[in-house]
Amino acid sequence: MVDDQTQSAQSIPQAEGGAPAAGEDPDISEEESEKLPFPNARVVHIIKENLKREHQVKREAKLAANELLGEIMADIAQTMDNEEYFTLSIEHFNKAARKYREIGLNKKRILRIKKVLEKQRAELDEIIAEIELENP
């Protein structure tokens, strides 16, 4: 039993002080890491650098994020494959990635529309209140 613990502890790269080396994730095995589309340490780093507060990210979330990124990249590559040109340029990539980049723009448009509708609703409520006061 002690040998198993020693062996598993040795398989995880460690920095000084016994902590895992920077960029390594002890939760994800080497075998799983090879099946992932991107280096998991880089994906986790991107997630953590965009979190405003400190969070512990569970293993399943790390793997799911990596797999989603792989699916997005596969979709972009398949869209680019539909091009008739032999050489694919940045224009082809941008065209294929457009739907992913427009998600943020669409969210902003929806928020703007909601604000306009809320303003119109407030004006309508005001008009209804005036009508009700005039005609009791």
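The values are calculated or read from the model by the stated rules, or taken from the named source; none is laboratory data. No experiment lies behind these values; they were computed from the predicted model shown. When we count neighbours, we look across all protein chains shown, and the Cβ atoms used for this are built from the backbone with ideal geometry, even at glycine.
Only one of (1) at pLDDT below 95; (2) part of a helix (DSSP H, G or I) fails for THR87. Which number is that?
It is condition (2) that THR87 fails.
Restricting to the stretch 32-91, count the residues that are touching an Asp or Glu at 6+ places or on another chain (Cβ under 7 Å) and surrounded by fewer than 15 Cβ atoms within 10 Å (Cβ to Cβ).
Number of matching residues: 1.
In the same structural domain as LEU36 (by TED's automatic domain parsing) and either out of contact with any Cys (no Cβ under 8 Å at 6 or more places or on another chain) or touching a residue at least 12 places away in the same chain (Cβ under 8 Å) (or both): which single residue out of LYS114, LYS58, LYS95, LYS108 fits that description?
Going through LYS114, LYS58, LYS95, LYS108 in turn, just one is in the same structural domain as LEU36 (by TED's automatic domain parsing) and either out of contact with any Cys (no Cβ under 8 Å at 6 or more places or on another chain) or touching a residue at least 12 places away in the same chain (Cβ under 8 Å) (or both): LYS58.
Out of LEU63, LEU69, I need the residue that is in contact with a Phe, Trp or Tyr (Cβ under 8 Å, 6 or more places away or on another chain) and assigned by TED's automatic domain parsing to the domain that holds PHE38. Which one?
After ruling out the rest, the residue left standing is LEU69.
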